[in-house]
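Engineer: Below is the structure I would like to discuss, written out as structure tokens.
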Amino acid sequence: MSTDFSVTALLRKLPDESAAQGLYRHFVKRVVETAGKKLGGTPKRAVDDEDIAQAVFQAFFRGVQEGRFLDLNDRHDLWQVLFMLTERKAADAKRKHFSLNRGAGHVVGESAVINLNDSQAWHLGLAGFPDQDPTPDFAVAAAEELQRLMYLLPNEELQQICSWKMEGFTNEEIAAKIGRVTRTVENKLRLIRKYWMEG
């Protein structure tokens, strides 16, 4: 009875901020639980029950300020409004998540594309993936490193095999180009790696 009286007293003080905070504290757990039930199997990364609760209370207090909830006399009236807002917000969130233009529920989060066992990758998320285009500094450094590695190879044939390999030719294609068998190309690639490791 005293709880009902305190809710009623807080309702009469709205839109006073301390009254709003009191009502929030009193009902937030119940709204979160209801939102969780209404969301069902919607992935948490899309929207969670606490997101819904925040949206519900924002909508409620905005409605109070705009004079839309004038007939709130007690905790039961208030709960009916909060329940209705929770249902609507949860339904909107589910509809938005499962709509076709948002991937029809098949959109994956960062956890699907990063190694969660790698603490650096997990911390950086998608920001840890390199850009499609190299920066000018990276391109210069890569060209200088390639020139250095080519210089380590003692003859033109090894340099040419290395170039073709970096251009994406298969070992079989390189063998045909130099008129040798594939095994010879494989041996020469091993030799290239040996020179590079020693250099």
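Engineer: Taking region 173-197, which residues are free of Cβ contacts under 8 Å to residues at least 12 places away in the same chain and in a helix (DSSP H, G or I)?
Structural biologist: If the condition is that a residue be free of Cβ contacts under 8 Å to residues at least 12 places away in the same chain and in a helix (DSSP H, G or I), then E173, A175, A176, T182, R183, T184, N187, R190, R193, K194, M197 are the ones that fit.
Engineer: Here's a follow-up. When only residues in region 178-196 that are charged (D, E, K, R) and surrounded by 13 or more Cβ atoms within 10 Å (Cβ to Cβ) count, which is nearest to L158 (Cα to Cα)?
Structural biologist: Restricting attention to region 178-196, the residues satisfying the condition of being charged (D, E, K, R) are 180, 183, 186, 188, 190, 193-194.
Those still in the list that are surrounded by 13 or more Cβ atoms within 10 Å (Cβ to Cβ) too: 180, 186, 188.
Numbers: R180: 13, E186: 11, K188: 7 Å.
Among them, the one singled out is K188.
Engineer: Consider only pairs whose beta carbons are under 7 Å apart and that are at least six residues apart or on different chains; among these, list those whose first residue lies in region 136-155 and is closer than 12 Å to W196 by Cα and whose second residue is outside any helix (DSSP H, G or I) and modelled with pLDDT under 85.
Structural biologist: Close Cβ pairs satisfying both conditions: L152/G199.
Engineer: Could you tell me whether any residue of region 128-138 is in a helix (DSSP H, G or I) and modelled with pLDDT under 60? Spell out the reasoning first.
Structural biologist: As a first pass, look at region 128-138 and keep what is in a helix (DSSP H, G or I): 128, 136-138.
Of the ones still in play, those that are also modelled with pLDDT under 60 are 128.
Yes.
Engineer: Right, here's the next one. In region 146-199, how many residues are among the small types (G, A, S) and at negative phi?
Structural biologist: Initially, region 146-199 is screened for residues among the small types (G, A, S), giving 163, 168, 175-176, 179, 199.
With the extra rule that they be at negative phi, the set shrinks to 163, 175-176, 199.
The number of residues fulfilling the criteria is 4.
Engineer: Which of the residues belonging to region 160-176 are surrounded by 13 or more Cβ atoms within 10 Å (Cβ to Cβ), at pLDDT below 90 and not hydroxyl-bearing (S, T, Y)?
Structural biologist: C162, W164, K165, F169
Engineer: Applying the selection to region 41-78, what residues are acidic (D, E), modelled with pLDDT under 85 and under 31 Å from the mean Cα position of the chain (by Cα)?
Structural biologist: Passing the criteria: D48, D49.
The values are calculated or read from the model by the stated rules, or taken from the named source; none is laboratory data. Quantities reported herein were computed from a predicted structural model and do not represent experimental measurements. Cβ sites come from the backbone with ideal geometry, for glycine too, and all protein chains shown count toward neighbours.
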